[in-house]
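Notes follow the structure.
The values are calculated or read from the model by the stated rules, or taken from the named source; none is laboratory data. Computed from a predicted model, the values in this text were never measured in an experiment. Neighbour counts are summed over all protein chains in view; Cβ atoms, including those assigned to glycine, are modelled from backbone coordinates with ideal geometry. Keep in mind that these areas ignore ligands, DNA and RNA; they rest on the heavy atoms of the full protein, side chains included. Shrake-Rupley method; radii C 1.70, N 1.55, O 1.52, S 1.80 Å.
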Amino acid sequence: MAKRGTKIKVLKESGSFNAHAERVKAPLFQNSDFFDPCDLLQVKYEMLRQVLVEHASKAETAKLFGVSRPTFYEAESAFLQQGLAGLLPQRRGPKEAHKLDAKVMTFVEKCIKENQNLRTKELIKLIHTHFNITVHQRSIERAISRKKKLRSKR
């Protein structure tokens, strides 16, 4: 039982936990020690294998594996383009600080250098005035922290 709990914890941490494991009705996943309906990567792979190798119907297979048809097609496309890596969960949201580009960060560093006691809220106003963009306080704090980490590694 402890192993099962550990596996579920790891699946959740990696983003591979199937929150709708009860929807998986494929016979392979029923009462099996190997096939785990909670393992989303395994479910998607077996779903695709059933269609690509055994030539099963896509719509019926999607239903059998507890996913929507759009989810099936997304998984199929990702798998055909990237292989197994395409089935791994992707990081959601922006991949980088898109508002706080190099030009804005140079401005931020200059402002901080000129006034060490400058508060983040004041910095937000200066950025808005100078670049006409609105940035969240936490975004600036994270960007400054990343810059400091990069400097300390050098």
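Looking only at residues that are in contact (Cβ under 8 Å) with a residue 24 or more places away in the chain and either part of a helix (DSSP H, G or I) or in contact with a strand residue (DSSP E or B) (Cβ under 9 Å, 6 or more places away or on another chain) (or both) in segment 65-88, which one is nearest to V24 (Cα to Cα)? Top of the filtered list is F72. Scanning segment 9-39 for residues that are open to solvent by less than 40 Å² (accessible area, probe 1.4 Å) and part of a helix (DSSP H, G or I), which turns out nearest to R69 (Cα to Cα)? Result: A21. Remark: pairs (first residue in segment 124-139, assigned to a helix (DSSP H, G or I); second residue open to solvent by 100 Å² or more (accessible area, probe 1.4 Å); Cβ separation under 9 Å; 6+ apart in sequence or on different chains) = I124/H136; F131/K103; Q137/K121.
For Q82, the criteria (1) open to solvent by 30 Å² or more (accessible area, probe 1.4 Å); (2) closer than 30 Å to S145 by Cβ hold in every case but one, which is (2).
Scanning segment 56-73 for residues that are surrounded by 15 or more Cβ atoms within 10 Å (Cβ to Cβ) and either closer than 12 Å to K44 by Cβ or aromatic (F, W, Y) (or both) gives T61, A62, F65, G66, V67, F72.
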